[in-house]
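Notes to accompany the following structure.
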Amino acid sequence: LLAFLATGNTSTRGPYRSQVSAALRYLLERVSPPDAPDPGYIHDEGDVLSAMHGHGLATLALAEAYGMSPDRELEIGTALVAAVQCIERAQALEGGWYYTPRATSEHEGSVTVCLVQALRAAKDAGVHVDAIRIANAVQYLKRLQQENGAFAYGLGLPDKTSAALTAAGLATLHATGVYAGHEVDDAYDWL
């Protein structure tokens, strides 16, 4: 869906409008209802691997579709607000997120990156995003950065760094408005 949207297709225009419509329908049908244990969680019952990574990417896709929709489709907007609220509820006290749609004492960087990117897209589409949640996520990401500039997978895991985690951490800092400073310089130098 993100690829089709990035090339200008929507559910009402473009050569792939039927694929966009089908993908949107698929996502909308998988948003947990308000009375579910995890309202707003976008998931497929049979998928035990994607978890919150998948929720983040689905939220990002809904945000992009909503932002491109000329009439701001109510169903997409309602699902997007619920998905954002699910993300906000699931944030750990440390500022990061984990694989479940509930706040736990666990957290890690790759899920955090996916969810912050989704929150940024939702905010850009006009959905309210709690600024304190973003500020906490930025502080969490900064704490993931090691002295050499690389970003680690999680707090207390200095040996679990990679170019992918560092690039993702850097892109996410940029998405939250952090474009300069020693964190940015150190990450670019490490890369």
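The values are calculated or read from the model by the stated rules, or taken from the named source; none is laboratory data. Just so we're clear, the structure is a prediction, and the values are computed from it rather than from any experiment. Using ideal geometry, Cβ is built from the backbone for each residue, glycine included, and neighbour counts are taken over all protein chains shown. Keep in mind that these areas ignore ligands, DNA and RNA; they rest on the heavy atoms of the full protein, side chains included. Shrake-Rupley method; radii C 1.70, N 1.55, O 1.52, S 1.80 Å.
Quick look at the values:
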item: Residues that are open to solvent by less than 40 Å² (accessible area, probe 1.4 Å), touching a residue at least 12 places away in the same chain (Cβ under 8 Å) and over 19 Å from residue 82 (Cβ atoms), drawn from the range 9-56; result: 10, 11, 20
item: Subset of the range 80-114 that is open to solvent by 30 Å² or more (accessible area, probe 1.4 Å) and acidic (Asp, Glu) - its residue that is nearest to residue 143 (Cα to Cα); result: 94
item: Inter-residue pairs, beta-carbon under 7 Å, first within 12 Å of residue 142 (Cα to Cα) and in contact (Cβ under 8 Å) with a residue 24 or more places away in the chain and in the range 165-191, second hydroxyl-bearing (Ser, Thr, Tyr) and buried (at least 16 other Cβ atoms within 10 Å of the Cβ), 6+ apart; result: 187/166
item: Options 157, 141; residue that is open to solvent by less than 70 Å² (accessible area, probe 1.4 Å), under 26 Å from residue 190 (Cβ atoms) and assigned to a helix (DSSP H, G or I); result: 141
item: Residue 75 in contact (Cβ under 8 Å) with a residue 40 or more places away in the chain and either of a type outside the set (Val, Ile, Thr) or open to solvent by 30 Å² or more (accessible area, probe 1.4 Å) (or both); result: yes
item: Flag for residue 59 being touching a strand residue (DSSP E or B) at 6+ places or on another chain (Cβ under 8 Å), in contact (Cβ under 8 Å) with a residue 40 or more places away in the chain and of a type in the set (Val, Ile, Thr); result: yes
item: Conditions (1) within 25 Å of residue 150 (Cα to Cα); (2) small (Gly, Ala, Ser); (3) touching a helix residue (DSSP H, G or I) at 6+ places or on another chain (Cβ under 6 Å): number failed by residue 110; result: (3)
item: Lone qualifier among 171, 152, 167, 163 - being closer than 24 Å to residue 118 by Cβ, of a type in the set (Gly, Ala, Ser) and open to solvent by less than 40 Å² (accessible area, probe 1.4 Å); result: 152
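To keep it simple, each residue is scored yes or no on (1) without any contact (Cβ under 8 Å) to a residue 24 or more places away in the chain; (2) more than 23 Å from residue 79 (Cβ to Cβ); (3) touching a Lys or Arg at 6+ places or on another chain (Cβ under 8 Å); (4) of a type in the set (Asp, Glu).
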site: 93; (1), (2), (3), (4): yes, yes, no, no
site: 102; (1), (2), (3), (4): no, no, yes, no
site: 107; (1), (2), (3), (4): no, yes, no, no
site: 113; (1), (2), (3), (4): no, no, no, no
site: 117; (1), (2), (3), (4): no, no, no, no
site: 120; (1), (2), (3), (4): no, no, no, no
site: 123; (1), (2), (3), (4): yes, no, no, no
site: 127; (1), (2), (3), (4): no, no, no, no
site: 132; (1), (2), (3), (4): yes, yes, no, no
